[in-house]
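Worksheet: the structure to be examined is printed underneath.
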Amino acid sequence: MIPVPGLDSVRCAWVEIRAEGFSLHGFLVFLASDHYFPQYLDGDGLADLDSWTGSDCGIFVVQSPSAKWIQYTRTTDHTWWRIFGHLLAADEELEHVLVAHGNTPLIRVNGTRRTLQEIFAPCLNQFQHSAEIEKILHRFNLRPTDHPSLILFKDLKDRSIWHVDMSDLVDLPERDLRNALHRWFAGTDFRNLLREARNV
Amino acid sequence: MSEIRRIELPKQTTVDQQLHAAAVDLLPAEMAEDPLVRWVSDYDGLTREFHQEEESFPAFEKEWHGERWQTLMFCYLASSALQTKLPFYFASLFHIARIRQISQGVLGIISGREQTRVLSEWASSLAERLTGPEREQQAAAALRRLSEASQEYHSRQLARADQWWKRWRMEVVPFRGCVEALEKAWGRDRYGEARGEVPRAVLSLWAMSNSPSELQMSMSHEGVRFKSVSLLSVAGGCETFGGQAWVVPLLLAGIGGPRWTSERFGDELRYLLHDWLQAERERRIAPQVQIALDRLRARYGDKNPFDEFGVGRRAATLALRELAKENNLPNGRPSPWLHEWAETLEEMPWSSSALPKPSRDDESLRSATRLADSIIKKNVLEERFLFTEAWGDFVQRVFEEKWVETVGAMAGATNKNASQPAVVWTLDEFVAFVENVVARLNDIGYSLGTPAKRRLQTLLDKTSRGETVYGEGAW
């Protein structure tokens, strides 16, 4: 798995990974509201997927905590605390609200439920911004609703892609999400795809 | 998870092209349409390897007979120089765009016209998660404080992004100029017409690539660093070529060729040394520049102290001159605050330009006043202030030398070349124009006087005859 902070970084990171000699490449596309993909990848997800994709497949994941290209040197590197740290220092009630409910999707904005963090302090390299995702999906001839999904290709010069829809995995608890992904990467579909990529 | 679908990309494009287009799509329209942005984002030399069939540096065409090693050397040096800086400008561009988009998005949601109603709805949703008899009030208070803090933070972020964007453009313009100069030099050198220009252009590009970037220092101060280029390598320059010493003899060897002469060798060496020393000086002084920037930033915060001296807003004072001196960085360049303000000043036209008479409405007089104010402010920062001169006398002198004299030269040029009487400036018209501008300037705090009528007459008469009027006592 190759974590990058944004789509623009994919092309820069390509210089690195091309030397690895992967047969298959791709990126995982999901919105912040595609629960619980962000939470899973924030935890063990990257390591799991890195193991399951093997040494012949390199997949980009746009994920802020492990950004290779943009590093935040502040001790509290989260926008959330940078904005509200001074408030929390003096207000225990507010701190309790944020700690207990700051990351729960409970506020409806433009038809989708968002967390307090997503509304007031979205991550700076939040690739999962819906407008950005829409542009990506459009460029790859996909529908605006085709997320979360996996977009795969052999080489940057390919004129077609493979698309794997993962929308049925939204709102699955993390454990179930993990199991579903594990089954897919261990299954015949992925193996056949890798074989096809090696043979092209 | 569903089955795998094979999808053709639009219009026979490639994954690479679509990724590139999608990345540029992410930029706000104002940035995406900027030619500099297109230049940086279209430059694809980074993803090409040197041994590929395509040239790693687009400007270099196939080598000509007998000089293959020089072509390869300059290709390598130029590409290396570009790879020092272009990844940073590419990455920083998207970082600035993200800051803008995120902060504009947040402010759009939380500070719209229906903010009160929206916060009230949100408070109800939050209150459902809380306990206690006062959960509604608790939720409302929490959201109000979050909203206020967030608005303040994101407004500052937007101001910072704007400042960085201006800085980005300031740095990329000369960088692009170096690349274009190299391309031109190479194009001419194909026919042996510009021997020596190519190595000089390569060294200029190298010097530019390895000069410290104030944008990068500013971003680094905010905790943003980019993996591809460290501050040290940008400041040092050694890493690009693995050491400075061997660059000079290689470039000097590159200067040679069929038309080499000893005199040209000396000239080329002088130019090379000049560029080299300049880059070295920039590198060594970079830490002092950073300290100065940090100090100014701590003092000013997010406000620009020059704002109160905006064009047409307030007269130039001694405080402005002292503020400008404070904002001259150790490397001789203006601070971002001074630069941003200086960019708003109007430029004086050439003294040989024709000067149409002002129209009867207020607009042309307002424009003339803005120009006069701009010229005074620009020059009170640059002109030498004589130690026995009062500030008011200094400003009057600057006004007369830099504005009245030039306007007089323009009116005189118009009179000299006039093809019809209607465009000719009479003395009364010229005096009235100067008086009106003086009155408008004094309204914003100046204490100027209109030069005596006989002096204005001398000025107009001389310039109408085509005589020059520069120098003390000329009018």
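The table below gives the values:
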item: Residues (in contact with an Asp or Glu (Cβ under 8 Å, 6 or more places away or on another chain) and in contact (Cβ under 8 Å) with a residue 40 or more places away in the chain) located in the stretch B:296-312; result: B:Leu296, B:Val311, B:Gly312
item: One residue from B:Pro305, B:Pro356, B:Pro334, B:Pro349 being modelled with pLDDT of 80 or more and in contact with a strand residue (DSSP E or B) (Cβ under 9 Å, 6 or more places away or on another chain); result: B:Pro334
item: The stretch B:331-370, subset aliphatic (A, V, I, L, M) and under 21 Å from the mean Cα position of the chain (by Cα), residue surrounded by the most Cβ atoms within 10 Å (Cβ to Cβ); result: B:Leu338
item: Among (1) within 18 Å of the chain's Cα centre (by Cα); (2) closer than 25 Å to B:Trp391 by Cα, the one test that B:Ala319 misses; result: (1)
item: Whichever residue in the stretch B:406-435 is touching a residue at least 12 places away in the same chain (Cβ under 8 Å) and not in a helix (DSSP H, G or I) and, among such residues, is farthest from B:Leu320 (Cα to Cα); result: B:Asn417
item: A:Asn179 vs. criteria free of Cβ contacts under 8 Å to residues at least 40 places away in the same chain and within 17 Å of A:Asp44 (Cβ to Cβ); result: yes
item: Residue within the stretch B:413-428 that is more than 22 Å from B:Val311 (Cα to Cα) and among the basic types (Lys, Arg) present; result: yes
item: The stretch B:366-395, residues that are touching a residue at least 40 places away in the same chain (Cβ under 8 Å) and under 17 Å from B:Leu323 (Cα atoms); result: B:Ser374, B:Ile376, B:Lys377, B:Val380, B:Leu381, B:Phe385, B:Trp391, B:Val395
item: Residues located in the stretch B:361-405, provided they are of a type in the set (Lys, Arg) and part of a helix (DSSP H, G or I); result: B:Arg366, B:Arg370, B:Lys377, B:Lys378, B:Arg397, B:Lys402
item: Selected residue (only one of A:Asp44, A:Asp48 is more than 13 Å from chain B (Cβ to nearest Cβ), surrounded by fewer than 16 Cβ atoms within 10 Å (Cβ to Cβ), touching a Lys or Arg at 6+ places or on another chain (Cβ under 8 Å) and modelled with pLDDT of 75 or more); result: A:Asp44
item: B:Trp168 vs. criteria buried (at least 21 other Cβ atoms within 10 Å of the Cβ) and either among the acidic types (Asp, Glu) or touching a Gly at 6+ places or on another chain (Cβ under 9 Å) (or both); result: no
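The values are calculated or read from the model by the stated rules, or taken from the named source; none is laboratory data. Model, not experiment: these values are computed from the prediction. Cβ sites come from the backbone with ideal geometry, for glycine too, and all protein chains shown count toward neighbours.
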